[in-house]
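Single-structure report; data block below.
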Amino acid sequence: MGRWLDDVEKHKSLAIYPPHEGGYEGRYLSRLSYQGYYFLDLSARGLGDPETTLTKIHPVCPPSLGRQPVARWYFPPEVDYRLSLLHPDAKGLVVWVMEAKVLSKAELQFLAILPDIRPKVRVIAECGNWRKFVWKPLKQIAGLEPDPDAEE
């Protein structure tokens, strides 16, 4: 668990691979909450453009149900809104993205650099499954840094 906390602080964005049976994520999540982090849990399915949803004012159009007029609501940037509500003693905000394996390379690259844009933000993206709980820096998975484990 100590290496987990060190890697979250060092890399700031991680791609995790939990086992299929689940339950392991909660242990790692609770370790971060003990350290003073707050969480924004998102599912990659239905997220839309991560950059727009997380850092810009974005429109949301609910489905039109027949004769009702088409509506459009504008929502604040999720990350900025949550950062503004954080307790002053909070260590930061962890954006936990479930099912991130459906995201494109460009969307993963944005999530990887999000902590550089907003320094109090950490990103954890569930990019697949493995036999045991493993993680790698998200910048390596997104192709922004070379992967030292890759075969040449």
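Values for this structure:
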| read-out | value |
| --- | --- |
| Percent of beta bridges antiparallel (DSSP, the chain, rounded to nearest 5) | 30 |
| Under Karplus coefficients 6.51, -1.76 and 1.60, residue-wise ³J(HN,Hα) of the range 75-87 in Hz, glycine/proline x | 9, x, x, 4, 5, 5, 5, 5, 5, 5, 8, 5, 5 |
| Simple Cβ-charge dipole of the chain, Lys/Arg +1 and Asp/Glu -1, about Cα centre, in debye nearest 20 | 440 |
| Residue-averaged 222 nm ellipticity for the chain, from DSSP H runs of 4+ at -39500 (n - 2.57), nearest 500 | -9500 deg cm²/dmol |
| Distribution of pairwise C-alpha distances over the chain, 10 Å bins, in % | 10, 38, 33, 13, 5, 1 |
| Burial order of peptide ranges 33-45, 65-77 (average beta-carbon count within 10 Å, highest first) | 33-45, 65-77 |
| Long-range HN-HN contacts of Val95 with modeled amide H, under 5 Å | Leu40, Arg122, Val123, Ile124 |
| Helix axis angle, 2-11 relative to the chain longest principal axis, alpha carbon, degrees | 60 |
| Pairs from Lys56/Lys136; Lys56/Lys120; Lys10/Lys132; Lys91/Lys132; Lys10/Lys139 whose Cα-Cα separation, in the structure shown, is over 19 Å | Lys56/Lys136; Lys10/Lys132; Lys91/Lys132 |
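Every number here is computed from the coordinates shown, using simple stated rules; none is lab data. As the structure is a prediction and not an experimental result, all values here were calculated from the model. So basically every Cβ, Gly included, is an ideal-geometry build from the backbone, and we count neighbours across all protein chains shown.
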